[in-house]
Every structure is written in structure tokens, then in C-alpha cells.
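Colleague: Right, I'll just put the structure down here and ask away after.
The values are calculated or read from the model by the stated rules, or taken from the named source; none is laboratory data. In this text, all values refer to a predicted model and were calculated from it rather than measured experimentally. Note that we place each Cβ from the backbone using ideal geometry, even for glycine, and neighbour counts take in every protein chain shown. Heads up: the accessible areas ignore ligands, DNA and RNA and are worked out on the full protein's heavy atoms, side chains in. Shrake-Rupley method; radii C 1.70, N 1.55, O 1.52, S 1.80 Å.
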Amino acid sequence: MKRQVLLFVSLLSLGPVFGQVSYSIPEEMTRGSLVGSIAQDLGLEIKRLISGKAKIYSRNSDQYIELNRERGVLLIKERIDREALCTETVLCALHFQILLENPMEFYTVTVQITDINDNAPTFEKSEMNFKISESATAGSKFVLERAVDLDVGINAVQNYDLKSTNNFALRLHSNPDGQKNVEMVLQKPLDREKQEQISLVLTAVDGGEPQMSGTMQILITVLDVNDNAPVFTQQTYKATVTENSPKGTVVATVTASDADQGSNSKITYSITNTLGNVKKMFEVNTENGQVSLVGTIDFEKTKRFQINIGASDEGGLTDSCKLIVDILDVNDNKPEINIMSKSTVISEDAISTQ
Ligand SMILES: [Ca+2]
Ligand SMILES: [Ca+2]
Ligand SMILES: [Ca+2]
Ligand SMILES: [Ca+2]
């Protein structure tokens, strides 16, 4: 390698360049494809190429291009991948010399390698996950990954698309380096109670012909906030209980539900009456809303109770309901006397109507 470099330098010092020519070819041409009619373009005859033992002199281009002296043409020797040869540079070219002996002459040749659209935009990750609170406000921004396309110019990434969403809009802004920053912006607040998981697809497209694209999944988990109060299934419940029922008798069950999640929906029930003896007679199970007797009920003293019950979630949001309990008489006051008195009444009525 070192010897070759030295030879190249000494050649340059030997004398003037006799001519130069440049070609432009697309990358990925197959082996044997024509690069250019070099003899014709340099004004050399085929026999001069042969007698001068014309050959390519190059530090690195001879693996890709060969000279066919008999035809006076340059041909593809090995498939050229522009992306491997030049990475991100838009201008990609091979430089070499055609060297002839007797007398010594040399010509410089430049072969521009133009890009073809043979790479799709790709995302490094196949999906991105976000956890976003349902209290996030419109205008909140979330940075998305950019796609990479190994091609250049119009064949590189040109645009993005986000589908399908009512809540988010895609926003692109160009950087000084020409790359686009990709963001999604919340347009409409999220509601975990309506949709807890949102799945979007981000698509990147290049501007090549035919157009190529790459996609990435965006998975959004909507985090709960306590934005729903408990709600009782009824505003008023009704129940009956016979007097003298034993302590512990379940009178009724009240139920409230809460659309939120976790502790934001954990309900605690309580009796909220402040006046009267309701709290001495009844209790509510704080967890399941079962209302049961804790006192002894006497129909002769009270025929109806109104129990006020509250439901509260752990965020402090509440609802309330009423439970009306009617006490049923069990005729515990000497039924025989009652019957006697009734029959007395009937007989009195009978007399009075006659
Ligand atoms: Ca390419
Ligand atoms: Ca491309
Ligand atoms: Ca709640
Ligand atoms: Ca919620």
C-alpha cells in the first residue's frame, strides 16, 4: 500500500495530465454494466490502449471498475453500494487514473455515483411506550423517535404521519442539521374512563420513486386521576324490618360505584345522620354498604327511620343517599285483647248503624 502511494506521487510528478473525463452512474449497477466509452471520450484509439498496456491506476477504485482495452470501455467490476462507499455524503465519486506506457501518459477519470432509493426509512425501536395522565393539558408535547434512511437527498426521510388519533397531532420542526424533530402534541384531553390504552402508528416516508416507508407503534397508557365521584345506584332505597329483629339483621345494602381506578375508586360508606337515634339503631359496613341492626326496634316507639348514608372515595369525593326503613308490627302486645277490642268495635259499629 505504501509503495502504491509513493508510485502515485511519483507519477504525478512525471508530467502533465493528458486529459480527463467524468461519468455519472447510479449505484447498484450489475457486474459488466457499461460505465463509459473511455477510448472514445479520451480520443484514444483501441490499438493505442492495447500497445500502451492501458490500465487503471487507483488507490481504491480498481475493485469497482475495470478497463476493457479491446472494447475501449469502462465496466462495472463489482456492485457499488453508495451507502457503503460514501455514507451520508450527497456527492459520492470514484477517482482514478488511466495509465499508458510507451510513451507514458495518464488521464484522470471521475465516476460520480448517484443515489437510488434502495433503503426504507427505519425506526430503531419497533415501539415507544408513554404513560400520560388523563389530567395532561392540551398542548403537552411528547418527543418521538426519528426515522433513519441511509439514502440521501429526496431518497431520505421526507415526512411523517401519525394515525389514528383524535387526541394527538403530529408536529415537525426542522433542525439546523436538516433533520426533522418529531413530536406529538396533545390536542384534546385524555379520559382514562373512556380509553385507557391508545395505540398509534407513526409512519416515516421518503421521497423516492417508488416511495418507501417505515412504521413504529406508539402505545399510550392513560394514567388515572380522581375525576369521578362515587355515585349511588339509587338516591332513595326502601326496606322493611320487623320489630324485635335480632341485632345483626341485615336491613338493606346500598351500593355506590366510582368510575376511577384503584384508590380513586375505593369507596367507604358511613351513616351521616347527626340527629335522633339512627346511629344507635343501625350501622353500615364501611366496605360493602350492608346496613344492619345494632339496636332494638320497637314499632310502638318508631314506625319509620330515615338513614342518611354517604359514600366517599379515597380522594375525598362523595355522594349521598337515603335509606327509608319501615318497621313492621309483629303484634307483640297481647293479641287476644286486640281481637277482643276489635270485635267490640265491630259490635258497636253494628249497633250504631242500625
Ligand atoms: Ca441508496
Ligand atoms: Ca430511502
Ligand atoms: Ca373517584
Ligand atoms: Ca379518572
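Colleague: Go through ASP260, ASP118 and list them by solvent-accessible area, largest first, probe radius 1.4 Å.
Modeller: ASP118, ASP260
Colleague: Taking the Cα atoms of the stretch 231-328 alone, what are Rg (to one decimal) and Dmax (as a whole number) in Å?
Modeller: My reading of the Cα-based Rg and Dmax gives 13.8, 46 Å.
Colleague: Next question, about the same structure. Measure up LYS188/LYS266; LYS141/LYS188; LYS141/LYS163; LYS131/LYS266 against 19 Å on the Cα-Cα distance and list the ones that go over.
Modeller: LYS188/LYS266; LYS131/LYS266
Colleague: When a/c is below 1.5 the answer is rounded, else prolate if a/b is larger than b/c, else oblate, so apply that to the stretch 224-268 with a ≥ b ≥ c taken from the square roots of the Cα gyration tensor eigenvalues.
Modeller: Prolate, since a/c reaches 1.5 and a/b exceeds b/c.
Colleague: List the trypsin sites (Lys or Arg not before Pro) within the stretch 159-223 that DSSP assigns to loop and that have no more than 16 neighbouring Cβ atoms inside 10 Å.
Modeller: LYS194
Colleague: Please compute the contact order of the chain in relative form: average sequence separation of alpha-carbon pairs under 8 Å and at least six residues apart, divided by the residue count, as a percent.
Modeller: 12 percent
Colleague: From Cα coordinates alone, what are the radius of gyration and Dmax values for the stretch 246-285 in angstrom?
Modeller: Cα radius of gyration and Dmax of the stretch 246-285 are 13.3, 38 Å respectively.
Colleague: Toward the positive end of the charge dipole of the stretch 127-223, about the Cα centre and with charges on Cβ (Lys, Arg +1; Asp, Glu -1), which of GLY139, ALA169, VAL182 goes farthest?
Modeller: Result: GLY139.
Colleague: With the Cα gyration tensor of the chain in hand, convert its eigenvalues to equivalent ellipsoid semi-axes via √(5λ) and list them largest first in whole Å.
Modeller: 100, 17, 14
Colleague: For the chain, what proportion of DSSP beta bridges, expressed in % and rounded to the nearest 5, is antiparallel?
Modeller: 75 percent
Colleague: At a threshold of 8 angstrom on Cα-Cα distance, excluding pairs fewer than six apart, so keeping six or more, what relative contact order does the stretch 127-223 reach in percent?
Modeller: The value is 40 percent.
Colleague: Follow-up question, since we're still on this one. With springs connecting C-alpha atoms under 10 Å apart, model the chain as a Gaussian network and identify which of PRO176, PRO26, PRO246 has the largest mean-square fluctuation.
Modeller: Judging by the Gaussian network model, the answer is PRO176.
Colleague: If you place +1 on the Cβ of every Lys and Arg, -1 on the Cβ of every Asp and Glu, and leave all else neutral, what size is the dipole of the chain about its Cα centre, to the nearest 20 Debye?
Modeller: Here the chain has a charge dipole of around 960 debye.
Colleague: Whose amide H sits under 5 Å from the amide H of ALA252, counting only residues 5 or more places off or on another chain, with H placed in the peptide plane?
Modeller: VAL291
Colleague: A further question follows. Of the options ASN244, SER292, ILE271, report the single residue whose Cα projects farthest towards the positive end of the charge dipole of the stretch 231-328 (beta-carbon charges: Lys, Arg +1; Asp, Glu -1).
Modeller: ASN244
Colleague: Taking the stretch 107-228 as the region of interest, what is the percent of Cα-Cα pairs per 10 angstrom bin, listed from the shortest bin to the one with the maximum distance?
Modeller: 13, 37, 26, 14, 6, 3, 1, 0, 0
Colleague: Further question: If you roll a 1.4 Å probe over the heavy atoms of the protein chains, what accessible area per residue do you get for the chain, in Å²?
Modeller: 58 Å²
Colleague: Follow-up. 222 nm [θ] for the chain, helices only, -39500 (n - 2.57) per DSSP H run of 4+, per residue, to 500?
Modeller: That calculation yields -4000 deg cm²/dmol at 222 nm.
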